[in-house]
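Trainee: Shown below is the structure under consideration.
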Amino acid sequence: MRIDKFLWCTRYFKTRNQATEATKKGHIQINGTAAKPAKEVQIGDHISVRINQVNYELEVLGIPKSRVGAKLVDELRKDCTPEEALAHREMMRLSKKHYRKKGEGRPTKKDRRDIEGYLDDTE
């Protein structure tokens, strides 16, 4: 099965076109080498996928015939992503909550103090 189709079938990308574009940009590696969209995936291959500044590592356990449900994805791949990458993803998710909404203007003095207080508490 093609790598772009495999990543789409295992729900790493919402569309096959997104998977193809990521592969063309060099965000996908198979066994440590950059892959083209038509590269064939075999059982036992190690795939590295970079999505939203997070590097996911997975091992192919099976090849699906078509797109599978979210509950069946774990039967087709083994997630080998390091804990540091998952922690980085969580920090990215939490940091998005602190962006100001559009139209709120510059932070006030109170907002600045709250931000500094939060940053001081996390260290």
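The values are calculated or read from the model by the stated rules, or taken from the named source; none is laboratory data. A quick note: this is a predicted structure, and the numbers were derived from the prediction, not measured. Virtual Cβ from ideal backbone geometry, glycine too; neighbours counted across all protein chains shown.
Trainee: Being assigned to a loop (DSSP other than H, G, I, E, B) and surrounded by 14 or more Cβ atoms within 10 Å (Cβ to Cβ) is the filter here; which residues of the range 12-34 pass it?
Mentor: The answer is Tyr12, Phe13, His27.
Trainee: In the range 63-74, what count of residues is obtained for those that are free of Cβ contacts under 8 Å to residues at least 24 places away in the same chain, part of a loop (DSSP other than H, G, I, E, B) and not basic (Lys, Arg)? Can you show your working first?
Mentor: Looking only at the range 63-74, we keep the residues that are free of Cβ contacts under 8 Å to residues at least 24 places away in the same chain, and these are 65, 69, 71-72, 74.
Those left that are additionally part of a loop (DSSP other than H, G, I, E, B): 65, 69.
Narrowing the set further to residues that are not basic (Lys, Arg) leaves 69.
Summing the residues that are free of Cβ contacts under 8 Å to residues at least 24 places away in the same chain, part of a loop (DSSP other than H, G, I, E, B) and not basic (Lys, Arg) in the range 63-74 gives 1.
Trainee: Of everything in the range 35-62, what is assigned to a loop (DSSP other than H, G, I, E, B) and surrounded by 15 or more Cβ atoms within 10 Å (Cβ to Cβ)? Give them in sequence order.
Mentor: Listed by number, the residues that qualify are Ala35, Pro37, Lys39, Val41, Asp45.
Trainee: OK, next. Does Tyr12 satisfy the condition of being under 30 Å from Tyr118 (Cα atoms), within 16 Å of the chain's Cα centre (by Cα) and not assigned by TED's automatic domain parsing to the domain that holds Tyr118? Step through it out loud before you land on a result.
Mentor: Numbers: under 30 Å from Tyr118 (Cα atoms): no; within 16 Å of the chain's Cα centre (by Cα): yes; not assigned by TED's automatic domain parsing to the domain that holds Tyr118: yes.
In short, no.
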